Amino acid sequence: MQLAILAILVWGVVLREINLERTWGWDESMHAELPAARMVELAHAGNLRGAVDVALACDRYPFGVPVFLAVVQSITGISEIAARTALATLWCVGLLVGACLVRRLVGAQSSARAGAGLFVVVAALAPIGRLFAPTLFLEAAFATTLAFGVLAWLRRSDPGAGRGADLLAGLAFTAAFFTKFNYALLLGLGLGLAAFGELVASARRGALRSTSLRLAWVALTPAIAASWWFVLPFPGDLELGASHRTAFVSFLAGNQEFVTPRGMRILDWTTLVAPFGGFVVGVFGLVWSLRAWREPATRTVGCVLLALCVPTALHPFHLDRFLLPVVTPIWWLAVAGFLRFGEQAGLSRFTWRSVAIGVALVGVSFGAANGWQARALDVLGLASPDPQVREFQEEQLEEREFVNRHTRLPTNGLLRAEASQLLKLVAAEAGPTASIGWLGLSSELSPAALHLGLLEHGGSVERFLADAHRELDVTYEGVDPAWSNAELAAFVARFDVVFATDPPDLARRANRAFTAEYRRKLVDELGWTERELGTVEIDKGLVRYPVRLFACRPPKR
C-alpha cells in the first residue's frame, strides 16, 4: 500500500511538470505520433487493414509505442497532451515493476519494502527520467519493458514456476523487441549470458536437459515473432518481410559516422543521471551490490547491465536519452547495494531510516552539484571562450539538472508560439484540402509535425491520410541531390502549393542553404508564382531572428 501511494505521488508529479512550451521533435512526431494518428484515423474510418499496414510499415522504429499511443488516442482523440500523459504513465508503471525487482535483489525481507520505496524515490528524482518520461522518444518506454522482461525472467526461478513462467519471459522479451529493436538485442545478449550461467550450473547438477528445455520454451515466442516480422509478416507478404530485414540491418549499421566527444558523455552521466554527488553515491551502491554476484538475481541484472552499458559506451554516436535504458539496471543494483550496506551497518531494524539517509544523500548531492556545474565545462573542455555563450551553457546545465515545471522538454521542436504562428499561416494558405510540399524543411519542424499541425488547424482527415506519410521535401539530408529542372518539375507536380522559408532552414544550418536554389528555379525557371505570407520570429536561445514564409503555386494552365 505504501509503495502504491508513493507511485501515485510520483505519477502526479511527473504529470504536473509536463512542460508544453516546445512542440513535437523529429523522432517523436515521425516515428511515434504520426503512425499512431494514422492508425486512429484509419480505424475510425473503418479501414482496419489500413491501420494494420501502418503498423507493419514501422520498420526502423518498431510499432510497439505507436500502437500503444493509437489505443490511447482512439479513446481521447488525437492529442499531444494525451500522448505525453500516456507515456509518462507507462514510465511510472515501469518504476513499480523496478521496485519489485529491487525487492528481489535486496533479499532480506526486512529491507525489501524500504528498497522498493528508495528505488522509486531515486528514479523519480533523477533528471533523466523526469525529462524524457513525458516525451515520445522510445527510451523511457523501453525502460519499462526492460523491467518487465528482467522480472519475468527472474520469476522463472520461483518455486512451482513452470512452462507458463518461461512463456511469459519470452513474451516480455518480445514486447521489448517491438518497443526498441537495438536495445532489445542488448537485453537478449544480457539474458543470454544469464542463460549460459544457468546451463553451466545445471550441468553440474545433472539437470542440463530440463534446463535446456525450459530455455527453449522461453525462446519460443521470440522465435515465432521474429519469423513473422522478418519472413512473412502476415497479413503482409514475403516482400514486406525482406524490406523489414533490410531496414533492420540498415538501422543497426547507422550513425557510425557521427562521433560524440567523450566530454559530452561524461557531462550527461554526471548531470542527467544524477547530480554529481548522487552519481558518486550511486557508484558506491552499485559496487557494493556486486558483492552478491553469486546470487542469481544479482548476476542476471549484472549481465543485462553489462550487455547494455558496454556497446552503448563504445558506439561512436551518443545522445543524452540513450542513457535511460542503461541507467535503469544501475538504479536497481545501486539501491539494492545501498540497502545491503545499511543492513550490515546495523540498520536492519529501522529500514525506513536507510531510506531517509538515501534521500538525504541525494539532497546533499544537489548542493554539491553547484560546484560541479561551475567546473564541468572547463574540466571536460566544453566551455565556450565567449562569456555570453558560456553563461548560456551553464544555464542549460542547471535547467536540466534541477528539473521543474518550467523546464522545457528536450524535444528539439519549435517553441509552441512559433509553431502555432507558422502553422496558422500555412493552414490559411493551403485550406483544408490542398496538397502541400515544402522546400527546405528543418529538423525543428518535421513533415509529421507539419501534417499533425494542419490537422489540428482545420485540415481534412482525407488530406492527412492521403499525404501525411509521403515525402514533401527535396531531401531531409544536408546534401544537395543536384536535381535537374525536369526532376524538380516532376516532384512538385503533385502539390497544389509548395512552401519555403528565408532562411531556408529554421535554424540557419549552412548545409541546407542549397534548398534556396530550388525555390529560385521553381519561380524563375519553372514559372511558379511566389507570395510572401508573413514573418515568424525564431528564438534559438542566444539569438532571435526573423524567418519569412513564402507560398509557391504552379502556373495557371
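What follows is calculated from the coordinates using simple rules that are stated; it is not laboratory data. Just so you know, these numbers come straight off a predicted model, no measurement behind them. Positions of Cβ are backbone-derived with ideal geometry, glycine not excepted, and every protein chain shown enters the neighbour counts.
The count of lysine pairs in the chain whose Cα atoms are under 29 Å apart, excluding pairs fewer than 8 places apart on the same chain, comes to 4. Of the three principal axes defined by the Cα atoms of region 369-451, the extents in descending order read 56, 28, 19 Å. Packing, as the average of other Cβ atoms within 10 Å across residues, places the peptides 236-246, 320-330 in the order 320-330, 236-246, highest first. Computed over the Cα atoms of region 389-428, pair by distinct pair, the Kirkwood hydrodynamic radius stands at 12.2 angstrom. Between helix 276-289 and the chain there is an angle of about 40 degrees, using the helix long axis and the longest principal axis of the Cα atoms.
Counting every Cα pair in region 416-553, what percent are over 28 Å apart?
Looking at region 416-553, the distances longer than 28 Å represent 11 percent of pairs.
For the chain, the longest principal axis of the alpha carbon atoms and the long axis of helix 181-205 meet at an angle near 20°.
Going by neighbour counts of Cβ atoms within 10 Å, the residues D524, D502 line up, fewest first, as D524, D502. Considering the zone a paramagnetic label at L252 would reach in this model (a point 7 Å from Cα along the Cα-to-Cβ line), which residues of region 304-318 have amide N under 18 Å from it? Output list for this probe position: 307-317.
Ranked by the mean number of other Cβ atoms within 10 Å per residue, highest first, peptides 452-460, 477-485 order as 452-460, 477-485. Each peptide among 384-391, 93-100 gets the average number of other Cβ atoms lying within 10 Å of its residues, and from highest to lowest they stand as 93-100, 384-391.
Annotation for E394 and E517: the two label points, set 7 Å from Cα along the Cα-Cβ direction, are 4.4 nm apart. A simple spin-label model places the labels of N485 and A466 3.0 nm from each other, with each point 7 Å out along Cα-to-Cβ. Sorting L215, L20 from the fewest to the most surrounding beta carbons within 10 angstrom yields L20, L215. Classify region 102-249 as rounded, prolate or oblate, taking a ≥ b ≥ c as the square roots of the eigenvalues of its Cα gyration tensor: rounded when a/c is under 1.5, otherwise prolate if a/b is larger than b/c and oblate if not. Oblate, since a/c reaches 1.5 and b/c is not below a/b.
Translational diffusion of region 65-142, estimated by Stokes-Einstein from the Kirkwood radius over alpha carbon pairs at 25 °C in a medium of 0.890 mPa s, is 181 µm² per second.
Once the chain from L238 to L213 is taken as fully extended at 0.36 nm per residue, the excess over their C-alpha distance is 5.9 nm. In degrees, nearest 10, range 0 to 90: what is the angle between the Cα axis of helix 138-154 and the longest Cα principal axis of the chain? Orientation of helix 138-154: about 30 degrees from the principal axis. Computed over the alpha-carbon atoms, region 215-302 gives an Rg to Rh ratio of 1.18, Rh here being the Kirkwood radius from the mean inverse distance.
Extension gain, N412 to K556: 0.36 nm times the residue separation minus the Cα-Cα distance gives 47.9 nm.
May I ask you to sort K556, K424, K540 by Cβ crowding, counting other Cβ atoms within 10 Å and putting the fewest first? Walk me through the numbers before you get to the answer.
Working: K556 6, K424 16, K540 12.
Result, fewest neighbours first: K556, K540, K424.
Each label point was placed 7 Å from the Cα along the Cα-to-Cβ direction; for N47 and L314 their separation is 4.6 nm. Over the Cα atoms of the chain, each weighted equally, I'd like the Debye log10 I(q)/I(0) at q = 0.05, 0.08, 0.12, 0.13 Å⁻¹, rounded to two decimals. Results for the chain at q = 0.05, 0.08, 0.12, 0.13 Å⁻¹ read -0.24, -0.60, -1.24, -1.40.
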